[in-house]
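Chemist: Handing you a structure now.
All of the numbers you see were taken from the coordinates with simple rules; none came from a lab. For clarity, every value in this text was computed on a predicted model and none was experimentally measured. All Cβ positions, even for glycine, are placed from backbone atoms using ideal geometry, and neighbour counts span all protein chains on display.
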Amino acid sequence: MIISGFTIIRNAVVNDYPILEAIRSILPMVDEMIVLVGDSSDDTLGLIRSINDDKIKIHHSIWDIAQSKGGSILAVETNKALQYVNPESDWLFYIQGDEVIHEKYHSAILDGCAKYKNDVKVDGLLFKYLHFYGTYDYVGDSRTWYAHEVRIIRNDKNIQAYRDAQGFRKNNEKINVKPIDAYVYHYGWVKSPEQMQLKRKNVAGFWNIEAIMEKEPDFFDFTQFDSLQKFKGTHPAVMQERIKNKNFHIELDIQKKKFSFKDKLLYWFEKMTGIRLFDFKNYRILK
């Protein structure tokens, strides 16, 4: 069984993406790691080269931000990265620049790849998600955050990144997936208030909202959440150094819930049953 990892990255330093941790978190599971580095205003290329692993294969790209609509530039670049994977690979493991896999899930992930390798009905593997917010101590637990997404796809040229590259489609149809017992740890919302707002302004062009972001203050208000809970688990080993070096402190009141009446009902129904009603799914789960 051959597995290729792939990711895209641009301006990782100025936007403080945990891209090194993201890549290192899946390196033990892949046979090669394709990193498509976009034209950056910082030393993103040097950062990726610092990993110094023979599995890393760096390629280069120029991002056409002017052609971006609704984050579509991210799918365009992700599909470019797909062109560089080993054609002999069975599975392709996609990791975004702010996502990290805990080492405790490596076995379950590899077991899932082996189990469905020859089942051609399975287009991908579905992961669960933890979305960290503000600091490494809080996770979102409301419908604001997507609960699942596909991060491993079959090596099929008909499978492409969709919209803003959150998920994938096959011939523009939803792909068939099997769930696995593994989480993606999403750290995109863990930054200082100043760094968070800087990053949001830097990527506003992907969604054509530069004019809106120019009117925003220079710091992000982390009290703008509907519901959070304290994280009681452990973080991936590759994140320990970054967590130790954190230089900001954010205290959030998780007792406060900010829901409309409808969302409050849906929230408590999900808490009681584990079922998320009316949830958009960019995939079809095979029985």
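Chemist: Which ³J(HN,Hα) values, rounded to whole Hz and listed in residue order, are derived for region 9-25 from phi using the Karplus coefficients 6.51, -1.76 and 1.60 in 6.51 cos²θ - 1.76 cosθ + 1.60 with θ = phi - 60°, glycine and proline given as x?
Modeler: My calculation for region 9-25 gives 7, 8, 6, 5, 6, 5, 9, 6, 7, x, 5, 4, 5, 4, 5, 5, 6 Hz in order.
Chemist: Take Thr144, Thr135, Thr44 and order them by how many other Cβ atoms sit within 10 Å, fewest up front. Could you put the intermediate results ahead of the total?
Modeler: On the way: Thr144 13, Thr135 19, Thr44 23.
The fewest-first ordering by Cβ neighbours comes to Thr144, Thr135, Thr44.
Chemist: Let me ask something else about it. How large is ³J(HN,Hα) for each residue in region 91-98, as worked out from phi by the Karplus curve 6.51 cos²θ - 1.76 cosθ + 1.60 (θ = phi - 60°), to whole Hz, x for Gly and Pro?
Modeler: Calculated HN-Hα couplings, in order: 10, 10, 9, 9, 10, 8, x, 10 Hz.
Chemist: Excluding Arg276 itself, what net charge comes from residues whose Cβ is under 15 Å from its Cβ, given Lys and Arg +1 and Asp and Glu -1?
Modeler: Values: positive: Lys128, Arg143, Lys262, Lys264, Lys271, Lys281; negative: Asp141, Glu149, Asp226, Asp263, Glu270, Asp279.
Local net charge: 0.
Chemist: Given 0.36 nm per residue, what is the gain on full extension from Gln67 to Phe219 after removing their alpha carbon distance, in nm?
Modeler: Separation in residues times 0.36 nm, less the Cα-Cα distance, equals 51.9 nm.
Chemist: If you don't mind, there's one more thing I want to ask. Distance cut-off 32 Å, Cα to Cα: go down the list Lys157/Lys244; Lys80/Lys262; Lys104/Lys281 and report the pairs above it.
Modeler: Lys157/Lys244; Lys80/Lys262
Chemist: While we're looking at this one, here's another question. State, as an integer percentage, the relative contact order of the chain based on alpha-carbon contacts under 8 Å between residues 6 or more apart.
Modeler: 21
Chemist: Hey, could you get me the Stokes-Einstein D for the chain, Kirkwood radius over alpha-carbon pairs, 37 °C and 0.692 mPa s, rounded to whole µm² s⁻¹?
Modeler: Working: Rh = 19.8 Å.
Diffusion coefficient, whole number: 165 µm²/s.
Chemist: Also, I was wondering about something else. Net charge within 13 Å of Ala81 by Cβ-Cβ distance, Lys/Arg positive one each and Asp/Glu negative one each, not counting Ala81 itself?
Modeler: That works out to +1.
Chemist: To the nearest 20 debye, what is the magnitude of the charge dipole of the chain about its Cα centre, counting +1 on the Cβ of each Lys and Arg and -1 on the Cβ of each Asp and Glu?
Modeler: On the way: 41 positive and 39 negative charges, 226 e Å.
In debye, rounded to 20, the chain gives about 1080.
Chemist: Provide the per-residue ³J(HN,Hα) series for region 246-257, in order, calculated from phi with Karplus coefficients 6.51, -1.76, 1.60 and θ = phi - 60°, each as a whole number of Hz, with x at glycine and proline positions.
Modeler: 4, 10, 9, 10, 10, 10, 10, 8, 6, 6, 7, 10
Chemist: Same structure, new question: For every helix of n ≥ 4 consecutive DSSP H residues, a contribution of -39,500 (n - 2.57) applies; sum these over the chain, divide by its total residues, and give [θ] at 222 nm rounded to the nearest 500 deg cm²/dmol.
Modeler: -6500 deg cm²/dmol
Chemist: Let me ask something else about it. Which of the peptides 151-161, 103-113 is most tightly packed, and how do the rest follow, going by the mean number of other Cβ atoms within 10 Å of each residue?
Modeler: Numbers: 151-161: 19.5, 103-113: 16.6.
The packing order, highest mean first, is 151-161, 103-113.
Chemist: Give the long-range amide H neighbours of Val190: residues separated by 5 or more places, or on another chain, with amide H under 5 Å away, using H modelled in the peptide plane at 1.01 Å from N.
Modeler: Here Gly134 satisfy the definition.
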